[in-house]
C-alpha cells in the first residue's frame, strides 16, 4: 500500500502562495525545514493545502510520540476547552494542574518525595530547573556539554552549543556556564578508541572541578540522556553514572534534559532509565503535550520547594487544556505494549539503512527507539561531515512525500522522529523515499565536484 499521495508538484501552488504571505508578514529569522503548508494531520500522515499527503518523520521535532491528532488527545482537549480554558495557576487552583503533577511525580525515576512545576516550552522548563538548583544549593555554576541544545532564552542559549545557528549576534550571554567535552563515541579524537574517549571525558569531569570551577560553586550539571540537536547520540551509561557520582560528591543537582528524548520516545518513558541513573530533576516537554504547549520540571521535593514563595511562575504554564492533553498522552504511553513499538521503529530504521553503507556516504547510524539518526560524511576514514549534501537531500525527500529535519553539531545528520505506532509498511515507505533522496543528492553533489572550475 502506498501512503504517500502527491497530486501536485511540491511545494504546490497553494503552499507557495501561503509561503509568500509568511515571508511578507513573519520574521525571516524563523526557519522552516519543509516548504509545504499543512492543512490537516492524522497519526503519521500530513496533508497540505494542495491535497498532497506526506509521511511525517519529523513529528514536530519530536512532539508526536502518539501521532498527530490522536482521538483521545483531541477529545480531552475539546472537553476541557468547553469547560475551562485557563484562569492562570498564579491566580487560582484547578484540578488539571495537580492531577498532571501527581502523575509525573509517580512516573519519573526516583524513589523519593517529588514535586512538579509546569511551564509552556522546553527552554522555560530548563531555565526553571537551573533556578531551582541555584536556589537549593546557593551556588551559581552550571556545567553543560559540547553539542548540547537546551533552548533559546538568554540562559538556555548560553547553555546551548552550535554557535553559528543559535547564538550568533545575540550576546552577551549569561555567566557561570561551563562547557565540557561530550563523549560522542563516533567522533573520538584521533588515536583514542571510543572507550578511551569516554574514559577521558569521565576524567575531565573531575579535572573541570579544578581547572574551571570548584565543586563548592557548582549548582547543577545538565545533560541530555540522548543528545538531541547535537545528533541523536545516546550518552554512554558510565558517563551518566560519573555525573551522578560527581553531583553526589559535590552536592550539585543532576538535571536530565528529556525534552526530546522523554515521554516515551526511546521506548522507556524517560531515556535515562536505560542507564539506571536517577537524576535529581527531570525536564520534559515536546511529546508530553502531543502538540499542546506544555513542559515540566519534576524531581526532589526539597529542591522543588527551595525558592521563596513567588520565585517561580508562568502566565500560561500548565493551562487546563494543555494539562488535559498531557494526561491523555500519559494514559496512552503507559498502556501495556505501547512503548515497545519504539523498538520496531529502531529495527526498521536499521534494516533500511545498514545495507546502504558503502553505497551511500553513511558515517554512523545511531539512536534509541523512535529517536534515530543517520550521519553522513564525505569520507568514512576522515569522517568529514557532508552538510551540503544533507541540506540538499531534505527538500528532495519532501518532493518525494516525506517531511524531515536535520540534526547534528555539523548539521550533517538526518533525524527520524516518527510516531511510535507508525505502521511498519508506512515507515519503510518513508525511509526508502529518504534513501532515494540522499542517493540523488549525492549524485548531484559529486557531479558538481567533477565539473572543472
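The values are calculated or read from the model by the stated rules, or taken from the named source; none is laboratory data. None of the values given here were measured: they were computed from a predicted structure. Backbone-built Cβ (ideal geometry, glycine too); neighbour counts: all protein chains shown.
A single entry from 367, 318 fulfils the requirement of being under 16 Å from residue 270 (Cα atoms), in contact (Cβ under 8 Å) with a residue 12 or more places away in the chain and not in a helix (DSSP H, G or I): 367. Selection of the stretch 129-156 for residues being under 16 Å from the mean Cα position of the chain (by Cα), more than 21 Å from residue 214 (Cβ to Cβ) and crowded, with 20+ Cβ neighbours inside 10 Å yields 147, 148, 149, 150, 151, 156. Name the single residue that is farthest from the chain's Cα centre (by Cα) among those in the stretch 394-417 being without any contact (Cβ under 8 Å) to a residue 60 or more places away in the chain and not in a loop (DSSP other than H, G, I, E, B). Taking the candidates together, the pick is 396.
Kindly establish whether residue 103 is closer than 30 Å to residue 180 by Cβ and not assigned by TED's automatic domain parsing to the domain that holds residue 422. It is false that residue 103 is closer than 30 Å to residue 180 by Cβ and not assigned by TED's automatic domain parsing to the domain that holds residue 422. In the stretch 164-174, the condition of being within 21 Å of residue 252 (Cα to Cα), surrounded by 13 or more Cβ atoms within 10 Å (Cβ to Cβ) and without any contact (Cβ under 8 Å) to a residue 60 or more places away in the chain is met by at least one residue. Here 226, 210, 177 are screened, and the one residue that is touching a strand residue (DSSP E or B) at 6+ places or on another chain (Cβ under 8 Å) and under 28 Å from residue 138 (Cβ atoms) is 177. Would you mind stating whether residue 368 is over 30 Å from residue 130 (Cβ atoms), modelled with pLDDT of 95 or more and not assigned by TED's automatic domain parsing to the domain that holds residue 188? No. Out of all the residues in the stretch 235-252, is one or more on the phi < 0 side of the Ramachandran plot, assigned to a strand (DSSP E or B) and either surrounded by 20 or more Cβ atoms within 10 Å (Cβ to Cβ) or not assigned by TED's automatic domain parsing to the domain that holds residue 147 (or both)? No: zero hits.
In the list 384, 346, 335, 375, which residue meets the criterion of being over 27 Å from residue 134 (Cβ atoms), without any contact (Cβ under 8 Å) to a residue 24 or more places away in the chain and touching a strand residue (DSSP E or B) at 6+ places or on another chain (Cβ under 8 Å)?
Values: 346 fails: without any contact (Cβ under 8 Å) to a residue 24 or more places away in the chain; 335 fails: touching a strand residue (DSSP E or B) at 6+ places or on another chain (Cβ under 8 Å); 375 fails: without any contact (Cβ under 8 Å) to a residue 24 or more places away in the chain.
After ruling out the rest, the residue left standing is 384.
Could you count how many residues in the stretch 418-432 are in a helix (DSSP H, G or I) and in contact with a strand residue (DSSP E or B) (Cβ under 9 Å, 6 or more places away or on another chain)? Residues meeting the conditions: 5. The residues of the stretch 139-163 that are at positive phi and in contact (Cβ under 8 Å) with a residue 60 or more places away in the chain, listed by number, are 147, 162. Answer yes or no as to whether residue 32 is surrounded by fewer than 22 Cβ atoms within 10 Å (Cβ to Cβ), free of Cβ contacts under 8 Å to residues at least 40 places away in the same chain and not in a helix (DSSP H, G or I). The answer is yes for residue 32.
Yes/no matrix, rows are residues, columns are (1) in a loop (DSSP other than H, G, I, E, B); (2) buried (at least 22 other Cβ atoms within 10 Å of the Cβ); (3) modelled with pLDDT under 95:
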residue: 266; (1), (2), (3): yes, yes, no
residue: 277; (1), (2), (3): yes, yes, no
residue: 292; (1), (2), (3): yes, no, no
residue: 311; (1), (2), (3): yes, no, no
residue: 326; (1), (2), (3): no, yes, no
